[in-house]
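See structure below.
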Amino acid sequence: MARIKEIVLVDKSLNKHGEIKGKNKKETKMLRKSCVHHKYNKKGNIRSVTFPVNNPDTEFMERYGESKFFVCRRCGKMIRLHTYNKKEVKEILAPVYDCLETEKFIAAATNAGQGVVSYLVGTQIQLDKLPKVAGKLDKIASKKSKLASKKKSRDQYKSSQYGSWSRK
Ligand SMILES: [Zn+2]
C-alpha cells in the first residue's frame with residue numbers, strides 16, 4: 001500500500017531532537033498541521049509517536065473532565081483518546097455552522113470580497129463531510145478495539161491505543 005504522504009513529509013522534516021522543522025516559520029506551521037502523530041517503522045508498519053499524559057491542561061479538563069490524552073512527540077499536540085460518533089460531531093459543528101451563516105451574511109453585506117466569501121462557503125462544504133468521516137472512523141476503531149482486547153499486545157502503546165478509545 002502507498003505510504004501516507006503526510007507521514008513521509010513530516011518524517012523528512014524532523015531535526016536532531018525529533019521535532020518538526022520546516023525551511024521557515026510558515027512551512028513549520030504547515031508541517032505541524034499535517035502531522036497525524038504516527039510514523040513508519042523499519043518494516044513499514046505505522047506506529048504512533050505519542051506518549052500518555054495523566055494530568056492534561058486545565059482547559060482540557062474543563063472541557064472533557066477525566067479523559068485520556070496523548071501528546072505527540074513530533075508536533076506537541078494533545079490528542080484526546082475518544083472516538084466521535086456521527087451525532088456527536090453534528091452537535092459540535094452546530095455552533096460552528098451558526099457562526100459561518102452569520103459570517104457569510106456579514107461578508108456579503110459588507111462586500112468583503114470574493115476571497116472571504118469563497119473561504120466561508122468552502123469551509124462549510126468541507127465541514128459537511130466531517131460527521132460521515134468521523135462515523136466511519138468510529139466504526140473502524142471499535143472493530144479494532146474488539147480485536148485488540150482479544151489479542152494481548154506486548155507493547156502497551158502499540159495496540160492499546162485502539163483498545164482504550166473511550167466511547168460514549
Ligand atoms: Zn503530531
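No value in this document is a laboratory result; all are computed from the given coordinates. Every value quoted in this text rests on a predicted model; they were computed, and no experiment measured them. All Cβ positions, glycine included, derive from the backbone under ideal geometry; neighbour counts span all protein chains shown.
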Charge context of A112, other residues only, Cβ under 12 angstrom, K/R +1, D/E -1: 0
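Within region 23-82, report the trypsin sites (Lys or Arg not before Pro) that DSSP leaves as loop and that have at most 11 other Cβ atoms within 10 Å. It would help to have the intermediate numbers written out before the result.
On the way: sites: K23, K25, K26, K29, R32, K33, K39, K42, K43, R47, R63, K68, R73, R74, K77, R80; in loops: K23, K42, K43, K68, R73, R74, K77.
For trypsin sites (Lys or Arg not before Pro) across region 23-82 that sit outside H, G, I, E and B with at most 11 neighbouring Cβ atoms in 10 Å, the list reads K23, K42, K43.
Can you compute the charge dipole magnitude of the chain about its Cα centre, using +1 on each Lys and Arg Cβ and -1 on each Asp and Glu Cβ, nothing else charged? Give it in debye, rounded to the nearest 20. Please list the in-between numbers first.
Details: 39 positive and 16 negative charges, 299 e Å.
In debye, rounded to 20, the chain gives about 1440.
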In a GNM of the chain with a 10 Å cut-off on Cα contacts, which of Y84, Y119, Y97 has the highest mean-square fluctuation? Y119
Qualifying GluC sites (Glu not before Pro) in region 18-104, DSSP loop, other Cβ atoms within 10 Å at most 11: E66
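Using the structure shown, list the pairs from K43/K90; K5/K150; K21/K42; K5/K90; K5/K29; K90/K150 with a Cα-Cα distance above 27 Å, or answer none. Mind showing how you got there, number by number?
Numbers: K43/K90 38 Å; K5/K150 32 Å; K21/K42 22 Å; K5/K90 29 Å; K5/K29 17 Å; K90/K150 32 Å.
Violating the 27 Å limit, Cα to Cα: K43/K90; K5/K150; K5/K90; K90/K150.
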The set of residues whose placed amide H lies less than 5 Å from the amide H of R73, leaving out same-chain residues fewer than 5 positions away, is T50, F51
Residue (of A109, N54, S145) at the positive-pole extreme of the chain, dipole from beta-carbon charges: S145
